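Report on one structure; see the data block that follows.
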Amino acid sequence: MPRKYTKIKGLEREVFQMKEEGKTNREIAEHFGLTREQIKGLIKRHNRNEQKAKLGNPPKVKGRPRKRPMTAEEEKDRRIAQLEMEVELLRDFLRLTGRR
């Protein structure tokens, strides 16, 4: 019974190697326990991305972009702001309790 979900992108190299050997999509699918449509879709996506690369269109990056690391100066400024906020909170607390 074929699997319902797999990270098929990791099998791409092996699938194309089997294609070069002359195997059909059905034979490749049976080998990996996938459906013929999954193999067909993998090949179609690969060919589409290759065609876009030839035209000079790089593939779009998916997901949220990574945060850039803070520089030493930005880290220092953030820490100072945090400490100033803590000092203000402690002063307010001491005033409310009547200690200062």
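Pop out the carbon and sulfur fraction of the accessible area of the chain as a percent, whole number, probe 1.4 Å.
On the way: 5000 of 9470 Å².
The nonpolar share, carbon plus sulfur, comes to 53 percent.
On alpha carbon coordinates alone, what is the Rg over Rh value for region 32-81, Rh being the Kirkwood radius?
On the way: Rg = 21.1 Å, Rh = 15.1 Å.
Result for region 32-81 is an Rg/Rh of 1.39.
Any idea how many Lys pairs in the chain come in under 20 angstrom at the alpha carbon, given 8 or more places apart or on separate chains?
Total qualifying Lys-Lys pairs in the chain comes to 26.
Go through region 54-67 residue by residue and turn each phi into a ³J(HN,Hα) via Karplus (6.51, -1.76, 1.60, θ = phi - 60°); whole Hz please, and just put x for glycine and proline.
3J(HN,Hα) across region 54-67, in whole Hz: 5, 7, x, 9, x, x, 6, 7, 8, x, 6, x, 6, 6.
Quote the relative contact order of the chain in percent (integer), defining contacts as alpha-carbon pairs under 8 Å separated by 6+ residues. Walk me through the numbers before you get to the answer.
Numbers: 31 pairs, mean separation 16.9, N = 100.
Contact order relative to length: 17 percent.
For region 57-100, what are Rg and Dmax over the alpha carbons, in angstrom?
Over region 57-100's Cα set, Rg and Dmax evaluate to 20.1, 67 Å.
When you count, for each residue, the other Cβ atoms within 10 Å and take the mean per peptide, how do 65-73, 41-49 rank with the highest first? Let's see the in-between values first.
Numbers: 65-73: 7.6, 41-49: 13.3.
Ranking the peptides 65-73, 41-49 by packing returns 41-49, 65-73.
What does the charge dipole of the chain about its Cα centre add up to, to the nearest 20 debye, if the Cβ of each Lys and Arg holds +1 and the Cβ of each Asp and Glu holds -1? Walk me through the numbers on the way to the answer.
Numbers: 28 positive and 16 negative charges, 79 e Å.
Dipole magnitude for the chain comes out near 380 debye.
Per-residue ellipticity at 222 nm for the chain, helices alone: DSSP H runs ≥ 4 residues times -39500 (n - 2.57), over residue total, nearest 500 deg cm²/dmol? Walk me through the numbers before you get to the answer.
Details: 4 runs with 62 residues, N = 100.
So the calculated ellipticity at 222 nm is -20500 deg cm²/dmol.
How much length is gained on full extension from Gln51 to Leu90, taking 0.36 nm per residue of separation minus their Cα-Cα distance? Intermediate values should be presented prior to the final figure.
Values: separation 39, 0.36 × 39 = 14.04 nm, distance 6.24 nm.
Gain in length upon complete extension: 7.8 nm.
Within 10 Å, count the other beta carbons around each residue, average over each peptide in 26-34, 10-18, and list them highest first.
Highest-to-lowest ranking by the protection proxy: 26-34, 10-18.
I'd like to check one number: the per residue accessible area of the chain, probe 1.4 Å, reported in Å² as a whole number. Intermediate values should be presented prior to the final figure.
On the way: 9470 Å² over 100 residues.
Averaged over the residues of the chain, the accessible area is 95 Å².
Let me see the pair-distance distribution of the chain: every alpha carbon pair, 5 Å bin width, integer percents in order.
Pair shares across the bins are 2, 10, 12, 11, 9, 8, 6, 4, 5, 5, 6, 6, 6, 5, 4, 1, 1, 0.
The values are calculated or read from the model by the stated rules, or taken from the named source; none is laboratory data. As the structure is a computational prediction, the values presented were derived from the model and not from experiment. No Cβ is skipped: glycine too gets one built from the backbone with ideal geometry, and neighbour counts run over all protein chains shown. Just so you know, the surface numbers come from the protein's heavy atoms only, side chains and all, with ligands and any DNA or RNA stripped out. Shrake-Rupley method; radii C 1.70, N 1.55, O 1.52, S 1.80 Å.
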